[in-house]
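Worksheet for the structure shown next.
The values are calculated or read from the model by the stated rules, or taken from the named source; none is laboratory data. In this text the structure is predicted, and so the values were computed from the model without any measurement. So basically every Cβ, Gly included, is an ideal-geometry build from the backbone, and we count neighbours across all protein chains shown. Areas reflect the complete protein model, heavy atoms only, side chains present, ligands, DNA and RNA absent. Shrake-Rupley method; radii C 1.70, N 1.55, O 1.52, S 1.80 Å.
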Amino acid sequence: MTKLQFFGAAREVTGSMHVVEKDGYRLLIDCGMIQGKRKESYDRNRNIAFPATGINAMILTHAHIDHSGNIPTLINQGFKGNVYCSHATKDLCELMLPDSAYVQQKDLEYVNKKRLKQGKTLFEPLYSIDEAEASLNYFVTKNLGEKISFREDVTAYLLNAGHILGSTMAVVKFQEKDREIKIGFTGDLGRKSLPILADPDQIRDVDYLVIESTYGGRDHKPIATAYTKLVGLVTDAYNRGGKIIIPVFAVERAQEVLYVLNKLFLSGKIPPMPVFVDSPLTVKVTEVFNRHAECFDKDMLRFIADNNDPFHLDLVKYTQSVDDSKAINDYEKPCIILSATGMCEAGRILHHLKNNIGNPKNSILIVGYQAINTLGRRLVEGEKQVQIFGDSYNVAAQVTVINEFSGHAGQKELIKFIQATAKMSEGRLKKVFLVHGEEGQQEELINALHVCGMENVDNPGPGEEVVL
Ligand SMILES: [Zn+2]
Ligand SMILES: [Zn+2]
């Protein structure tokens, strides 16, 4: 008997974790960290909903923390199997897992100071930096399409998901006596024509599809719209003599923005000005990008073949030290500053916002998703006064949002992908399971799929088990 169980990212977006089981062999797809309210997430992350020792092996679809961030906990709790992933995913995890441990440590220093005063028990990080580094020893890398053999009757292969560098989908095959069962997992599904990445592959010949649904109820405008908006915004700020502050996520969005800016500089569509990349993690992640041309699309490869370096044009200046970071503040001419964290919750971006937010000549450009209760979200919602490091600041700089860089498929793209999977599975596809989406978004997608004649769609709840 083959069973599928949804432990995480079931009717929510974080903490991806699904288990498939056949005759005692248990394979885990992703082991993500739950992100949200601190106390609740802390308890759920610490108490993995199944015994780690019962898992034989794992597939990691991509390096994002909501898919990879609880692997060290799984190992601490006794998991001994291999973690299969793409080459780029492993290289990114080498940076991101220790960074996640470091962020937890910093965050808890602050929280525990408060809890100590209140006489409450103190939180401990889920894992240390050393444990995060040691977990990389369990990683085994595979090429796209290469067969992964777990057991004679359990195999899998990875496909390109086009979501972030190294992101993959997984097709898992179980051989039963008289039939085979194939399940496709999209992980996070990307979009066609994103800068840098090759377009997502198509899953085919499967009996079941487990697909993300982050934007199940929403569509994105085409990426070309982002270019037009960016040209207008950069030119306007330049003409005003202002600076452009862009909060970025260290993985993917930072490199996409850099590459796009470089293209716009080279084609003369925006005036030349320095671009400061002020985030040590982004600098290291960009080096990983440089090592993984196998993930690039044709445009990017052509750009490189024409003797261009997508991330190191003359105008781009990477800063490492705190002094270099501070020196950016003394630069008085128009410039672009990319800094992390992407939701303006911590990191050097806070200093740049503090120094520039009160000047109407400046622009703040939001290019990534901003969760509720973050400074980034407050800026997006047009608040006129915000708190930074405990002080109040007037928002005089112009705030612009460009959503078109989104790395997640929108509703139309999800429907297209599901329809193509059904078509290319020639009547084999029995059921579609929606994961990695809030309930409202999932319901909208289910309704839209019903309109297209796809009835067999479900959004399983946490812990739900399905016999295949
Ligand atoms: Zn992701
Ligand atoms: Zn995700």
(request) Quick one: what are the phi-derived ³J(HN,Hα) couplings along the range 410-419, Karplus 6.51/-1.76/1.60 with θ = phi - 60°, whole Hz, x for glycine and proline? (result) x, 3, 4, 5, 5, 4, 4, 5, 5, 4
(request) Go ahead and run the numbers for FRET between residue 80 and residue 392, Cβ-Cβ distance against an R0 of 56 Å, rounding to 0.05. (result) 0.60
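How many percent of the accessible area of the range 47-105 is carbon or sulfur, using a 1.4 Å probe? Before the final figure, lay out the partial values.
Values: 870 of 1760 Å².
For the range 47-105, the apolar C and S fraction of the accessible surface comes to 49 percent.
Compute the orientation-averaged projected area for the range 223-401 from the convex hull of its Cα atoms and round it to one decimal in nm².
Numbers: hull surface 39.9 nm².
Taking the Cα atoms of the range 223-401, their convex hull projects to 10.0 nm² on average.
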(request) Quick one: which residues, 5+ away or cross-chain, put their amide H under 5 Å from the amide H of residue 84? H built at 1.01 Å from N. (result) 58, 59, 60, 140
(request) Using +1 at the Cβ of each Lys and Arg and -1 at the Cβ of each Asp and Glu in the range 223-401, identify which of 311, 246, 283 lies farthest towards the dipole's positive end. (result) 246
(request) Over the chain, give the accessible area per residue in Å² for a 1.4 Å probe, as an integer. (result) 43
(request) Filter the chymotrypsin sites (Phe, Trp or Tyr not before Pro) in the range 229-330 down to the DSSP loop ones having no more than 16 other Cβ atoms within 10 Å, then list what survives. (result) none
(message) Could you tell me the relative contact order of the range 223-401? Use alpha-carbon pairs under 8 Å, at least six residues apart, and round to a whole percent.
(response) 30
(message) Using a Debye calculation, one point per C-alpha and no hydration shell, please list log10 I(q)/I(0) for the range 367-440 at q = 0.22, 0.23, 0.27 Å⁻¹ in order.
(response) -1.06, -1.11, -1.28
(request) Quick one: what are the phi-derived ³J(HN,Hα) couplings along the range 74-90, Karplus 6.51/-1.76/1.60 with θ = phi - 60°, whole Hz, x for glycine and proline? (result) 4, 5, 4, 8, x, 5, 10, x, 8, 10, 8, 7, 6, 5, 5, 4, 5
(request) State log₁₀ I(q)/I(0) for the chain at q = 0.08, 0.12 Å⁻¹ as given by the Debye formula over alpha-carbon point scatterers of equal weight, solvent excluded. (result) -0.48, -1.08
(message) Tell me which of 380, 355, 394 sits at the most positive position along the dipole axis of the range 346-399, charges placed on C-beta atoms (Lys, Arg +1; Asp, Glu -1).
(response) 355
(request) Give the angle, between 0 and 90 degrees and rounded to the nearest 10, that separates the Cα long axis of helix 439-451 from the longest principal axis of the Cα atoms of the chain. (result) 60
(request) Return the sequence-ordered ³J(HN,Hα) values of the range 353-370 in whole Hz as given by the Karplus equation 6.51 cos²θ - 1.76 cosθ + 1.60 applied to θ = phi - 60°, using x for Gly and Pro. (result) 5, 3, 6, 10, 5, x, 9, x, 6, 8, 10, 10, 10, 9, 10, x, 5, 10
(request) Give the angle, between 0 and 90 degrees and rounded to the nearest 10, that separates the Cα long axis of helix 223-240 from the longest principal axis of the Cα atoms of the chain. (result) 20
(message) Take residue 428 and residue 467, extend 7 Å from each Cα along the Cα→Cβ direction, and tell me the distance between the two endpoints in nm.
(response) 2.3
(message) Compute the helix-to-body angle for 253-266: its Cα long axis versus the longest principal axis of the chain, expressed 0 to 90° and rounded to tens.
(response) 50
(request) Collect residues whose amide H, placed 1.01 Å from N in the peptide plane, falls under 5 Å from the amide H of residue 245; neighbours closer than 5 in sequence don't count. (result) 337, 363, 364, 365
(request) For the range 1-142, just run the numbers: alpha carbon Rg, then divide by 2.2 N^0.38 Å, N being how many residues it has. (result) 1.06
(message) Out of the total accessible area of the range 223-401 (probe 1.4 Å, heavy atoms of protein only), what percent is carbon and sulfur?
(response) 52
